[in-house]
Each structure stands twice: as C-alpha cells, then as structure tokens.
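Undergrad: The structure that follows is given in the form of structure tokens.
The values are calculated or read from the model by the stated rules, or taken from the named source; none is laboratory data. Here the structure is a predicted model, which means the values were calculated and not measured. Cβ sites come from the backbone with ideal geometry, for glycine too, and all protein chains shown count toward neighbours.
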Number of protein chains: 2
Amino acid sequence: MTQKIIKPLRKRMSLTAELIEQLRSQILSGELAPGDKLPTEQELVNSADVSRTVVREAVAALKADGLVITRQGVGAFVAENAGQDSFRIRPEELATLEEIINVLELRMAVEIEMAGAAAQRRTQSHIDDMHAALETFDNCIAEGVDASGADFQLHNAIAAAADNPQFVRFLNFLGSHLIPPHDLLMKYDIGQPGTSESDRQASLLQEVQLEHKAMVQAIEAGDPQAARKAARRHLANSVERHRKAFHMRQQLATS
Amino acid sequence: MTQKIIKPLRKRMSLTAELIEQLRSQILSGELAPGDKLPTEQELVNSADVSRTVVREAVAALKADGLVITRQGVGAFVAENAGQDSFRIRPEELATLEEIINVLELRMAVEIEMAGAAAQRRTQSHIDDMHAALETFDNCIAEGVDASGADFQLHNAIAAAADNPQFVRFLNFLGSHLIPPHDLLMKYDIGQPGTSESDRQASLLQEVQLEHKAMVQAIEAGDPQAARKAARRHLANSVERHRKAFHMRQQLATS
DNA sequence: GAAATATATCTTGTCAGATATATGATGACA
DNA sequence: TGTCATCATATATCTGACAAGATATATTTC
C-alpha cells in the first residue's frame, strides 16, 4: 500500500512562463519599483537567451496583469500601482498552513459581516430558504449521506439575505481557492456505518448543525450582533476543521 | 470655469488589445464556455487578419489572466473557472452610491476583523506606532493641516499589528478603488481659518480622533471584542462621510 | 485479425529577420 | 531663442521557418 511517491518532478515550465515569473517577482519584490523602466526587448533577449517572441509574450502577459505598461518607441515601465489592479491568490501562495489560515481569516471576516447584514435585511422568503436548508441538512445526517450540498444551500440563502453582491462575489472567489474541509473529512468517514468513526462524524455534524441553527435563529430575530457572534463561532470551528484537514493531508502525502 | 470637455476620442487600441478584448468578452459572456476550444492560431490569424505574433500575444495575455489554458500540440481552451481566478472591481461598477456602499461594506468587514486580530497579536512596538500616529493626528488638527497622512499612518500600524498580509493586501486593493472621503471633505474646508465651516470641520476631526483613540485603547488592552466594536463605530461613521462626500460630488458635477 | 509500431499531420512553442510607427533627442535654421 | 526637420531608438507588427507535443492513420509484425 506504500505506493511509490513520485518525486516533485517540477515539469519544465515554458520559457515564456519562466520569464514571466522572473519579471513578476522582481516587480513584486520591489527590485523593479513602479515607474522604473524595464530592460529593452533586445536586452531581455540577450540576457535571458530567448527569442523576441518569448520576451514579447511575457511582457504582454504582465501588461494584461496590470503590472507593466508599454509605450511604443519608449519602452516598458512598471505600472504605478503594480498589482493593485486586481486581487488574486496564487495556488503556490497557499502552501503552508499559516498562509491558508490567513486567507481563511479573510473569508471569516466577510462571512461574519454578511451574517450581520442578513439579520438586518432578511425577508420572509430568505428565512424560508434557510429553514429548508436546515431541514435538508438534518435529513443528510439522519441518512448518513454527504451534507456539503445542504451546507452550501444554507450559505447561499444567507448570502442572498445579506443583499450585497460584492459579498457573494468575493466569497465565491475565495471559495474556489480553498478546499472545503468537508471534502476531506467526510470522504474517509462516510460509508462505514456502525463504526465508531462514522458515529463520531455524525456527532460532529450534529454540532455543526447546532451552530447553523443558532445563526439562522439570530438572523430570523433580526439581531445582527447575535448573528455575527453565531457566525464567528461557526467559522472559528470551521477554521479548526481546516487545520485538522491540512494535517491529515500532510500525513497522507508523506506516508 | 466650465472648461470645454474633450470628446471621447477613442484612441486606436493596438491590434493585440483589440483581439484580447474580443476574446475576453466572448469568454465572459459565455459565448465560449469553459472547456471549449478556442480557434487555432491559424484560424485566428485568418479571421482577425493579423499576424501570428498578435494572436500569440493576445492568447498569452488571456493565459496570464487565467481565462484560457494552452496545451502544446492540442490547442487553447477556456479555463474551467474562467474569471474566478482573480477578484477585480472595475471603475464603471462604482457609479452609483449603492454600489460604492457595497464595496465599503466589504472593506468594513475586513477592517473590523483586522482590528480584532490586532488586539490579539499587537506587540509593544505596534502600540508605540499607534500612539505616534495619534499624536500626529492631534497636531494636524491643532495646526489645521490635512490629517489624512496621520490617518493612513494609524491605519498601517493597526494593519501591521494584525499580522496577516492578506488583510493588508486586500485593503490596499480596495483602497486604490475608493476615493478617501478625506480628500473631498478636507480639500474644500481647510484653508479658510476662522470660518464656521472650518470650525465645524475641526470638531468633526476631533470626533474622528475620539473614535481612533477608542480603537487603540481596545487594541492596547488586548480586547478583541472591544476593538471590533470601536472599529465598527468608526467605520460606520466613515461610510456616512462617504455618503455625504458622494452627494457633494454629485452636486458639484451637476452645478 | 489484432496488437505493436511507424508515419503523417495538426497544433502550439520558439526562433530569426524584416518593416512600420511612435517617441525623444539633436542640430540646422530663421 | 524658438521652431522644425532629421535621426536614433524602442516598441508594434508581419513573415517564414523549424522544433516539439499530440492525435489520427497507415504499416508492420505476430
């Protein structure tokens, strides 16, 4: 079962990608400050020992990223607000647990405030949706099937009640970069009914569901402060689950 | 004073930029769905009537944007999570007050949580920085000069204490898209000493400073809950100032 | 006939050389 | 001194070619 782990095998990036990476890091590190002139295409061709095509594609990519601007006949320059044009998280920036938790804190901040806003703006229709999601979650626990769908459903109902599309957009963005801890925890536990592992998992879900109900109750009552408090507790536990999942994954990778 | 406004004057974009624009809109509109294969370079060359250089640079830009991926010998494809790779706010999305407030709420969420984190993680050095910023702010009020620099200084000290670079990155990103209300309010009021306007402005700054001191006090005391509460009050007022500034700008624009 | 192998062909990746165009500096000239 | 033509330089674009990966097709081999 100790399957041979293939070595890192950093598959050779394309020349263009390599050049992009070099230039980007020089810009982000401040080695090339905003306003500085990049080497001319010819100089880059010589120093990187690649063709002009590669250089031009790399510069075009950085230009699309908003990191540099070019002026015909003059040269290429580091943009004044380099990198502030868009907020992005690169997968390679999520290598350590600390980095992941930093992003989770960001998500937590927004989710908490979203719960508060939902408490102030929810309509009856939103509340109905939340209750439906809670019920689905309950059923999933009882039947021992994956409940992440119901979790998502509840999340969406709250997001809709908050009535701020920027919240939704940002959380969707973050969500696409974070591995939901459910995926890791549930995959290995569900499907073994009767085992103590499965029982433990069920009770954990029960706990999660209690957190959910506290949130919905506060939102329904129109109490933003209580909603934020409930959301904070729920999310703090979620971070904890992420932490465990990360360690689990590390163990699997090194065993 | 009604300076002649120059007409749009659509400066001719580069061929590459035009091609990027076309492809991007086709992707974002869903005309080219995730997983779809883009036309081959040769087809693009023919249909757009440009050289392969232009096509390759355009594709390289989209690749950098995370909208497409290419596989040598196979083709270029629309990325699965096209557009979810980065979070960006286009200036044209901040036209109405409602849209601005949505973004401000996002910022508020992060700033509040950042204040809470700062209360948990601050060191003496951070506290010293905050006090220095407060003092500078006091001096600015006394001398009647622009205090936005001191405001920024305090903000940075808190951000540093929170010890989460993602907070800083995200707030910097948002900050570059939002016009600080100080700029609008102070510009027109400062510099007219003795007037009632100036007096009112000074008392407003005094109020702001009181909010600042409450935040720093809570952070210094290591009380996250109090820090968040103080930050919330401060930021809620800040949103209010934004609201006023927006109306002021609208008035100026239509007068 | 089926499987393994070789080939053809299509696509992207890279290279080299050339022309076109925008910009800034230089120097002639009034 | 100020204006303008000229020139050098750098990016923008075009063209043609070859390399390398991927896939379909033909060929060989058993």
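Undergrad: Which of the following residues is under 24 Å from B:ALA58 (Cβ atoms) and touching a Leu at 6+ places or on another chain (Cβ under 7 Å): A:ALA133, A:ALA79, A:ALA147? Can you show your working first?
TA: Numbers: A:ALA133 fails: under 24 Å from B:ALA58 (Cβ atoms); A:ALA147 fails: under 24 Å from B:ALA58 (Cβ atoms).
Just a single option satisfies the conditions, and that option is A:ALA79.
Undergrad: List every residue pair whose Cβ atoms sit under 8 Å apart, with the two residues 6 or more apart in sequence or on different chains, where the first one lies in segment A:220-247 and is more than 25 Å from A:LEU97 (Cα to Cα) and the second, anywhere, is crowded, with 20+ Cβ neighbours inside 10 Å and not hydrophobic (A, V, I, L, M, F, W, C).
TA: A:GLU220/A:ARG122; A:GLY222/A:ARG122; A:PRO224/A:GLY116; A:GLN225/A:GLY116; A:ALA227/A:GLY116; A:ARG228/A:GLU113; A:ARG228/A:GLY116
Undergrad: Looking at A:GLY30 and the list (1) surrounded by fewer than 16 Cβ atoms within 10 Å (Cβ to Cβ); (2) within 15 Å of DNA strand C (Cβ to nearest atom), which single condition is not satisfied?
TA: (2)
Undergrad: Which of the residues belonging to segment B:95-106 are at pLDDT below 90 and in contact with a Leu (Cβ under 8 Å, 6 or more places away or on another chain)?
TA: Of everything in segment B:95-106, just one residue is at pLDDT below 90 and in contact with a Leu (Cβ under 8 Å, 6 or more places away or on another chain), namely B:ILE100.
Undergrad: Can you tell me which condition A:ARG71 does not meet? The list is (1) within 11 Å of DNA strand C (Cβ to nearest atom); (2) in contact with a helix residue (DSSP H, G or I) (Cβ under 7 Å, 6 or more places away or on another chain), and all the others hold.
TA: Unmet for A:ARG71, out of (1) within 11 Å of DNA strand C (Cβ to nearest atom); (2) in contact with a helix residue (DSSP H, G or I) (Cβ under 7 Å, 6 or more places away or on another chain): (2).
Residues checked against (1) acidic (Asp, Glu); (2) modelled with pLDDT of 85 or more; (3) more than 22 Å from B:ASP128 (Cα to Cα); (4) assigned to a helix (DSSP H, G or I):
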| position | (1), (2), (3), (4) |
| --- | --- |
| B:ILE179 | no, no, yes, no |
| B:GLN192 | no, no, yes, no |
| B:ALA227 | no, yes, no, yes |
| B:GLN250 | no, no, yes, yes |
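Undergrad: Filter segment B:110-124 for residues that are surrounded by fewer than 20 Cβ atoms within 10 Å (Cβ to Cβ) and in contact with an Asp or Glu (Cβ under 7 Å, 6 or more places away or on another chain) and give the result.
TA: So in segment B:110-124, the residues surrounded by fewer than 20 Cβ atoms within 10 Å (Cβ to Cβ) come out as B:120-121, B:123-124.
Selection gives B:ARG121 alone.
Undergrad: List every residue pair whose Cβ atoms sit under 6 Å apart, with the two residues 6 or more apart in sequence or on different chains, where the first one lies in segment A:127-154 and is within 13 Å of A:GLN209 (Cα to Cα) and the second, anywhere, is surrounded by 15 or more Cβ atoms within 10 Å (Cβ to Cβ) and polar (S, T, N, Q).
TA: Going by the 6 Å Cβ cut-off, the qualifying pairs are A:ALA133/A:GLN153; A:PHE137/A:GLN209; A:ALA150/A:THR136.
Undergrad: Taking segment B:23-60 only, how many residues are within 17 Å of B:ASP85 (Cα to Cα) and either among the β-branched types (Val, Ile, Thr) or within 11 Å of DNA strand D (Cβ to nearest atom) (or both)?
TA: Counting residues in segment B:23-60 that are within 17 Å of B:ASP85 (Cα to Cα) and either among the β-branched types (Val, Ile, Thr) or within 11 Å of DNA strand D (Cβ to nearest atom) (or both) gives 2.
Undergrad: A further question on this structure: If you scan segment B:125-152, which residues turn out to be surrounded by fewer than 20 Cβ atoms within 10 Å (Cβ to Cβ) and either assigned to a loop (DSSP other than H, G, I, E, B) or touching a Ser or Thr at 6+ places or on another chain (Cβ under 6 Å) (or both)?
TA: B:GLY144, B:VAL145, B:ASP146
Undergrad: I've got another one for you. Quick check on segment A:7-18. Is at least one of its residues modelled with pLDDT of 85 or more, more than 9 Å from DNA strand C (Cβ to nearest atom), in a loop (DSSP other than H, G, I, E, B) and away from chain B (no Cβ under 12 Å)?
TA: No, segment A:7-18 contains no residue that is modelled with pLDDT of 85 or more, more than 9 Å from DNA strand C (Cβ to nearest atom), in a loop (DSSP other than H, G, I, E, B) and away from chain B (no Cβ under 12 Å).
Undergrad: Follow-up. Being more than 10 Å from chain B (Cβ to nearest Cβ), surrounded by 13 or more Cβ atoms within 10 Å (Cβ to Cβ) and either closer than 15 Å to B:LYS63 by Cα or within 16 Å of DNA strand C (Cβ to nearest atom) (or both) is the requirement here; does A:GLN22 meet it? Spell out how you get there, then give the answer.
TA: Working: more than 10 Å from chain B (Cβ to nearest Cβ): yes; surrounded by 13 or more Cβ atoms within 10 Å (Cβ to Cβ): yes; either closer than 15 Å to B:LYS63 by Cα or within 16 Å of DNA strand C (Cβ to nearest atom) (or both): yes.
Yes, satisfied.
Undergrad: Here's a follow-up. Please go through segment B:67-120 and pick out each residue that is in contact with a strand residue (DSSP E or B) (Cβ under 9 Å, 6 or more places away or on another chain), within 16 Å of DNA strand D (Cβ to nearest atom) and of a type outside the set (S, T, N, Q).
TA: So the first thing to find is which residues in segment B:67-120 are in contact with a strand residue (DSSP E or B) (Cβ under 9 Å, 6 or more places away or on another chain), and the list is B:67-71, B:74-80, B:82, B:85-89.
Filter again for within 16 Å of DNA strand D (Cβ to nearest atom), leaving B:69-71, B:74-77.
B:ILE69, B:ARG71, B:VAL74, B:GLY75, B:ALA76, B:PHE77, listed by residue number.
Undergrad: Could you tell me which of the residues B:THR40, B:THR53, B:THR96 is of a type outside the set (A, V, I, L, M, F, W, C), within 11 Å of chain A (Cβ to nearest Cβ) and either over 30 Å from B:VAL216 (Cβ atoms) or surrounded by 15 or more Cβ atoms within 10 Å (Cβ to Cβ) (or both)? Full working, then the answer.
TA: Details: B:THR40 fails: within 11 Å of chain A (Cβ to nearest Cβ); B:THR96 fails: within 11 Å of chain A (Cβ to nearest Cβ).
B:THR53 is the lone residue from the list that is of a type outside the set (A, V, I, L, M, F, W, C), within 11 Å of chain A (Cβ to nearest Cβ) and either over 30 Å from B:VAL216 (Cβ atoms) or surrounded by 15 or more Cβ atoms within 10 Å (Cβ to Cβ) (or both).
Undergrad: Now for a separate question. Going through segment A:77-94 one residue at a time, which ones are touching an Asp or Glu at 6+ places or on another chain (Cβ under 8 Å), at pLDDT below 85 and not small (Gly, Ala, Ser)?
TA: Correct list: A:ASP85, A:ARG88, A:GLU93.
Undergrad: Any residue at all in segment B:147-163 that is on the phi < 0 side of the Ramachandran plot, within 14 Å of another protein chain (Cβ to nearest Cβ) and not hydrophobic (A, V, I, L, M, F, W, C)?
TA: Within segment B:147-163 (the criterion being on the phi < 0 side of the Ramachandran plot, within 14 Å of another protein chain (Cβ to nearest Cβ) and not hydrophobic (A, V, I, L, M, F, W, C)), the answer is no, since none of the residues qualifies.
Undergrad: Across segment A:107-122, what is the number of residues that are in contact with a Leu (Cβ under 7 Å, 6 or more places away or on another chain) and facing chain B (nearest Cβ under 9 Å)? So that I can check it myself, show each step before the final result.
TA: Our first condition is that a residue be in contact with a Leu (Cβ under 7 Å, 6 or more places away or on another chain); within segment A:107-122, this holds for A:107-108, A:110-112.
Applying the additional criterion that residues be facing chain B (nearest Cβ under 9 Å) yields A:108, A:110-112.
Matching residues across segment A:107-122 total 4.
Undergrad: Taking the residues in segment A:67-76 that are surrounded by 17 or more Cβ atoms within 10 Å (Cβ to Cβ) and in contact with an Asp or Glu (Cβ under 9 Å, 6 or more places away or on another chain) as candidates, determine which candidate is nearest to the other protein chains (Cβ to nearest Cβ).
TA: A:LEU67
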